[in-house]
Amino acid sequence: MIRRLALLALMGLAVPAMAAPRAISVHAGWGAFQDGKRCYAIAEAEPSTAARELNPFASVSLSPDAPALQLRLSRVVRTGSAVTLQIGNRRFRLSGEGATATSRDTERGGSKAIIAALREADSMTVFARDQRSRYFRDIYNLTGAPTAMDAAIVACAR
């Protein structure tokens, strides 16, 4: 499990060719990693029978000055299409381009609100339209997310 999450960490994040993130721990499918001063939690989306172009995953960057959620989606998003994240019964609008969606800072529902919601819910789902205008969704189990996020925060506080 930790090897698979480490591979996701390397694939989805801008990491120098020779550097590798340090694995901290794994909690119910969520891994905590440290890459220099940057700490984050990462997980793959739940398996799906729907068509996928890519292997979707979520990464929660826990930098105190710039927390953020970044998702690699299972399909490339149609240009101009809305990307919506639902965590529990709360919805957030994400910025989406290509196969990437990221939290954005707004007065009502920015990155900090999303990360707080991740701690309180059992699952999250991201919804969008692909380049062929087909709706798709990626679902994540959040069971281990709070513990993985806390482990990453503790590692960066040292």
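The values are calculated or read from the model by the stated rules, or taken from the named source; none is laboratory data. Note that the structure is predicted; figures quoted are calculated from it, not measured. When we count neighbours, we look across all protein chains shown, and the Cβ atoms used for this are built from the backbone with ideal geometry, even at glycine.
Residues satisfying the criterion are present in the range 133-156 (criterion: part of a helix (DSSP H, G or I), among the small types (G, A, S) and in contact with a helix residue (DSSP H, G or I) (Cβ under 7 Å, 6 or more places away or on another chain)). In this structure, A145 does satisfy being closer than 15 Å to P67 by Cα and touching a Leu at 6+ places or on another chain (Cβ under 6 Å). The residue list S59, S81, S74, S48 contains one member that is in a loop (DSSP other than H, G, I, E, B), within 15 Å of the chain's Cα centre (by Cα) and of a type in the set (S, T, Y), which is S74.
The criterion of being modelled with pLDDT of 95 or more and of a type in the set (D, E, K, R) holds for R75.
Across the range 113-121, not a single residue is classified as assigned to a strand (DSSP E or B) and hydrophobic (A, V, I, L, M, F, W, C). Counting the residues of the range 63-91 that are basic (K, R), surrounded by fewer than 20 Cβ atoms within 10 Å (Cβ to Cβ) and within 13 Å of A101 (Cβ to Cβ) gives 1.
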